1. Provide the per-residue ³J(HN,Hα) series for the stretch 128-135, in order, calculated from phi with Karplus coefficients 6.51, -1.76, 1.60 and θ = phi - 60°, each as a whole number of Hz, with x at glycine and proline positions.
2. How big, in percent, is the set of alpha carbon pairs in the stretch 38-153 lying more than 20 Å apart?
3. Please identify the trypsin sites (Lys or Arg not before Pro) of the stretch 76-177 that satisfy two criteria: DSSP loop assignment and at most 16 other Cβ atoms within 10 Å. Which are they?
4. Ordered by residue, what ³J(HN,Hα) values in Hz, to whole numbers, does the stretch 87-99 give under the Karplus form 6.51 cos²θ - 1.76 cosθ + 1.60, where θ = phi - 60° and Gly and Pro are x?
5. Given H placed on each backbone N at 1.01 Å, which residues far from F75 in sequence or on other chains put an amide H within less than 5 Å of it?
6. Along the stretch 68-75, what does the Karplus equation 6.51 cos²θ - 1.76 cosθ + 1.60 (θ = phi - 60°) give for ³J(HN,Hα), rounded to whole Hz, x for Gly and Pro?
7. Distance cut-off 27 Å, Cα to Cα: go down the list K77/K146; K61/K81; K61/K146; K61/K171 and report the pairs above it.
8. Express in nm, to one decimal, how much length is gained between L177 and S40 on full extension, taking 0.36 nm for each residue of separation and deducting their alpha carbon distance.
Amino acid sequence: MLISDRETDRAIGTIELLIRAVELPPATTSPTRGLPDLGSGGIDRGKRLFRYLAHQAQRRKGSGSFLCRFIALLFNKPDFKAVVGRGYLPSDSGPVIEIARLITAAADGRLPLTRGASSISSGMDTFIWEVTRPFARPDRAWQNPKHPLPYSREEWLAVFPDEERRLITPKEANSLL
């Protein structure tokens, strides 16, 4: 019996759903779907990271973090897998951004960043970038109807020009712990 491509795709999709269901962490998860609760230590590390990155941006040293490193830093773990027991999935992006929003709120809200005539209201999510040069923000970041950004891609680029963006180093990140 031959199996069509559509049937194969459905079977693979069902298997992936089953694997995710089995891999769910215990009931100690937060509303951020599948990621552990940050606790006060993680929130404090996140607030320090947010303030540090905003300070660096004001000094024209635009620094950011990629999603996996951001979560590892908050939980004081070497990598994302050490936090959740599995590799990063595309479905983790939403919960990670929700954690960034929680940290922004815990740090008393968004911080203004100005460069020349451009100004943006930055949150922790402002500093979550792609892992490869030019360390841009993913296209999805600009298209979130649930949480629209208070600035445009052009305004963000004016504050964080391509040639000046970089990722926070492990040494910098460890100094914030």
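Just so it is clear, none of the values below were taken in a lab; they were calculated from the coordinates. Small disclaimer: the values here were computed from a predicted structure and weren't measured. In this analysis, Cβ positions are derived from the backbone assuming ideal geometry, glycine residues included, and neighbour counts consider all displayed protein chains.
1. 9, 10, 5, 7, 10, 4, x, 6
2. Looking at the stretch 38-153, the distances longer than 20 Å represent 39 percent of pairs.
3. R86, K146
4. Computed from phi, the couplings for the stretch 87-99 are x, 6, 10, x, 5, 7, 4, x, x, 5, 5, 4, 5 Hz.
5. none
6. Per residue, the Karplus-derived 3J(HN,Hα) values read 5, 5, 4, 5, 4, 4, 4, 8 Hz.
7. From K77/K146; K61/K81; K61/K146; K61/K171, over 27 Å: K77/K146; K61/K81; K61/K146.
8. 48.0 nm
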